[in-house]
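After the structure tokens below, expect a handful of questions from me.
The values are calculated or read from the model by the stated rules, or taken from the named source; none is laboratory data. Source: prediction; values computed, not measured. FYI the Cβ positions are ideal-geometry reconstructions off the backbone, even for glycines, and counts take in every protein chain you see. We work out accessible area using only protein heavy atoms, side chains counted, and drop any ligands, DNA or RNA first. Shrake-Rupley method; radii C 1.70, N 1.55, O 1.52, S 1.80 Å.
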Amino acid sequence: MKWIELRSDTLTLPTEEMRDAMRNAEVGDDVWGEDPTVIRLEALAAEKVGKEAALFLPSGTMGNLVAVMTHCSRGDEIILEADSHIYYYEVGGLSALAGAVPRLVRGKSGVLDPDDVRAAIREQNIHYAPPTCLSVENTHNRGGGTVTDLPTLAALRDVAKERGLSIHMDGARIFNAAVALGVDASEIAQYVDSVMFCLSKGLSAPVGSMLAGDADFIARARKNRKMVGGGMRQAGVLAAAGIVALEKMVDRLADDHGNARALAEALADVAGIEVDLSTVETNMVVFDIGCLGIDSDQFAAELSAEGVRVSTRPPHGMRAVTNRHFRNEDVERTVDAMKAVCERHLAPRRHA
């Protein structure tokens with residue numbers, strides 16, 4: 001059976017060009033600052049997002065952790081969207097390891113309202129953790145791949161600067177946001193002090209993420225990376241794939257967005273599935289199967305038996321993430337598989 005894989009764009013495989021680049025990579029010891037391929041990748045990454053410097057890390061979770069450690073002292077408060085990846089999916093590392101205290105603000109499909117952020121930033125008081133950093137996620141994972149636009153980012157930047165906060169962006173999929181907005185990633189990153197982005201999602205590199213900011217910030221972040229075990233040796237073998245990802249894989253993200261939109265519009269017509277099309281802005285389709293009378297785990301298991309894999313958001317939420325292995329011709333097969341699962345659970349109700 002040929003699987004249709006929609007659980008995540010993290011499941012993309014490296015291209016043949018990436019494999020060749022890895023095989024032939026010139027390497028050195030990156031902890032000593034002597035890996036020429038890592039140095040090339042860090043310079044390219046900084047240029048792509050318009051920052052002075054960048055740092056290569058094994059994962060986006062480590063990139064966000066190192067950013068929080070570099071922006072905040074232990075006991076400082078960080079403002080986060082309530083469903084942000086840093087808060088929701090990173091094992092509490094911002095508190096357990098960085099010592100930061102999260103203050104949550106509910107956004108609309110993950111997008112923060114500047115006025116809500118302003119209201120959440122408390123005045124200095126002996127009883128409060130001092131607010132130090134604002135974190136913005138773009139695109140927003142649990143929001144369904146939603147994009148924070150440039151005017152909103154500018155307003156969030158202004159609020160943070162008014163109150164003396166630094167701004168970090170969890171830009172794991174910043175290039176998806178850039179493609180959706182029709183701008184360079186640097187136009188998005190100009191509003192933040194630091195930005196983390198992944199090479200290993202839609203860009204298809206096998207491993208790695210980047211943290212970018214000004215030169216002083218990255219110098220301090222490099223030491224924090226070492227502290228949490230992120231110092232790598234001949235990492236150019238991995239960095240070589242990241243260079244190909246940044247040079248060759250950004251523009252094609254538009255194909256993933258188009259396929260996600262086509263899938264969402266088709267699913268909106270399937271009885272038993274509810275899709276909010278307004279949230280489908282990039283490569284994610286979030287939908288609900290609550291009216292089928294089953295939970296998300298059962299739906300995913302039955303869909304897997306049809307050859308299609310999606311991820312779950314219990315109790316009734318589902319997520320499909322398009323990627324370079326999912327083609328336009330896969331939309332029909334995916335929809336047919338979901339129709340089959342829905343029909344099995346709707347038919348008995350119709351005849352009850």
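Name the one entry in Val237, Val286 that is modelled with pLDDT of 95 or more, of a type outside the set (Gly, Ala, Ser) and within 17 Å of the chain's Cα centre (by Cα). Working first, answer last.
Details: Val237 fails: within 17 Å of the chain's Cα centre (by Cα).
Matching residue, one of Val237, Val286: Val286.
Here is a further query. Being within 19 Å of Glu123 (Cβ to Cβ) and open to solvent by 20 Å² or more (accessible area, probe 1.4 Å) is the filter here; which residues of the range 156-172 pass it?
Once the filter is applied, which keeps residues that are within 19 Å of Glu123 (Cβ to Cβ) and open to solvent by 20 Å² or more (accessible area, probe 1.4 Å), the range 156-172 yields Asp158, Lys161, Glu162, Arg163, Gly164, Ser166.
Now for a different question. Of Lys201, Lys226, which residue is outside any strand (DSSP E or B), of a type outside the set (Val, Ile, Thr) and buried (at least 23 other Cβ atoms within 10 Å of the Cβ)?
On the way: Lys226 fails: buried (at least 23 other Cβ atoms within 10 Å of the Cβ).
Step by step, each of Lys201, Lys226 is checked, and only Lys201 is outside any strand (DSSP E or B), of a type outside the set (Val, Ile, Thr) and buried (at least 23 other Cβ atoms within 10 Å of the Cβ).
Tell me the residue from Val285, Val250 that is under 30 Å from Val49 (Cβ atoms), in contact (Cβ under 8 Å) with a residue 24 or more places away in the chain and in a strand (DSSP E or B), please. Can you show your working first?
Values: Val250 fails: in a strand (DSSP E or B).
Result of the check over Val285, Val250: Val285.
Okay, next question. Residue by residue through the range 53-70, note down the ones that are open to solvent by less than 10 Å² (accessible area, probe 1.4 Å), in a strand (DSSP E or B) and either under 15 Å from Asp214 (Cα atoms) or touching a Cys at 6+ places or on another chain (Cβ under 9 Å) (or both).
Ala54, Leu55, Phe56
Look through the range 146-183, keep the residues that are assigned to a loop (DSSP other than H, G, I, E, B) and either in contact (Cβ under 8 Å) with a residue 40 or more places away in the chain or within 14 Å of the chain's Cα centre (by Cα) (or both), and return whichever of them is nearest to Thr70 (Cα to Cα). Before the answer, list the steps.
Within the range 146-183, the first condition is being assigned to a loop (DSSP other than H, G, I, E, B), and the residues that meet it are 147-149, 163-165, 171-173, 182-183.
This time we only want the ones that are either in contact (Cβ under 8 Å) with a residue 40 or more places away in the chain or within 14 Å of the chain's Cα centre (by Cα) (or both), so: 147-148, 163, 165, 171-173.
Working: Val147: 26, Thr148: 24, Arg163: 19, Leu165: 13, Gly171: 17, Ala172: 18, Arg173: 21 Å.
Across the range 146-183, the extreme among qualifying residues is Leu165.
If you don't mind, there's one more thing I want to ask. Can you spot a residue in the range 30-41 that is in a helix (DSSP H, G or I), touching a helix residue (DSSP H, G or I) at 6+ places or on another chain (Cβ under 8 Å), surrounded by fewer than 18 Cβ atoms within 10 Å (Cβ to Cβ) and touching a residue at least 40 places away in the same chain (Cβ under 8 Å)?
Of all residues in the range 30-41, those in a helix (DSSP H, G or I) come to 36-41.
Right, trim to touching a helix residue (DSSP H, G or I) at 6+ places or on another chain (Cβ under 8 Å) and you get 36-38, 40-41.
Checking the rest, the ones that are also surrounded by fewer than 18 Cβ atoms within 10 Å (Cβ to Cβ) come to 36, 40.
Keeping just the survivors that are touching a residue at least 40 places away in the same chain (Cβ under 8 Å) gives 36, 40.
So far as the range 30-41 goes, yes, one or more of its residues are in a helix (DSSP H, G or I), touching a helix residue (DSSP H, G or I) at 6+ places or on another chain (Cβ under 8 Å), surrounded by fewer than 18 Cβ atoms within 10 Å (Cβ to Cβ) and touching a residue at least 40 places away in the same chain (Cβ under 8 Å).
Also, quick follow-up: Quick check on the range 204-217: of everything there that is assigned to a loop (DSSP other than H, G, I, E, B) and in contact with a Gly (Cβ under 6 Å, 6 or more places away or on another chain), which residue is surrounded by the fewest Cβ atoms within 10 Å (Cβ to Cβ)?
Residues of the range 204-217 that are assigned to a loop (DSSP other than H, G, I, E, B), as a first pass: 204-208, 214.
Going one step further and asking which of them are in contact with a Gly (Cβ under 6 Å, 6 or more places away or on another chain), we end up with 205, 208.
Values: Ala205: 27, Gly208: 25.
Ranking the qualifying residues of the range 204-217, first place goes to Gly208.
Which of the residues that make up the range 89-145 are open to solvent by less than 60 Å² (accessible area, probe 1.4 Å), outside any strand (DSSP E or B) and more than 27 Å from Arg319 (Cβ to Cβ)?
Ala98, Gly99, Ala100, Pro114, Ala120, Ile121, Ala129, Pro130
Also: Of the residues that sit in the range 231-247 and are outside any helix (DSSP H, G or I) and under 22 Å from Glu47 (Cβ atoms), which one is least open to solvent (accessible area, probe 1.4 Å)? Steps first, please.
Within the range 231-247, the subset outside any helix (DSSP H, G or I) is 231-235.
Checking which are under 22 Å from Glu47 (Cβ atoms) leaves us with 232, 235.
Numbers: Met232: 31, Ala235: 5 Å².
Here the residue is Ala235.
Now a separate question. From the list Thr322, Thr334, Thr279, Thr312, pick out the single residue that is among the hydroxyl-bearing types (Ser, Thr, Tyr) and more than 19 Å from the chain's Cα centre (by Cα). Working first, answer last.
Values: Thr322 fails: more than 19 Å from the chain's Cα centre (by Cα); Thr279 fails: more than 19 Å from the chain's Cα centre (by Cα); Thr312 fails: more than 19 Å from the chain's Cα centre (by Cα).
Exactly one residue qualifies, and that residue is Thr334.
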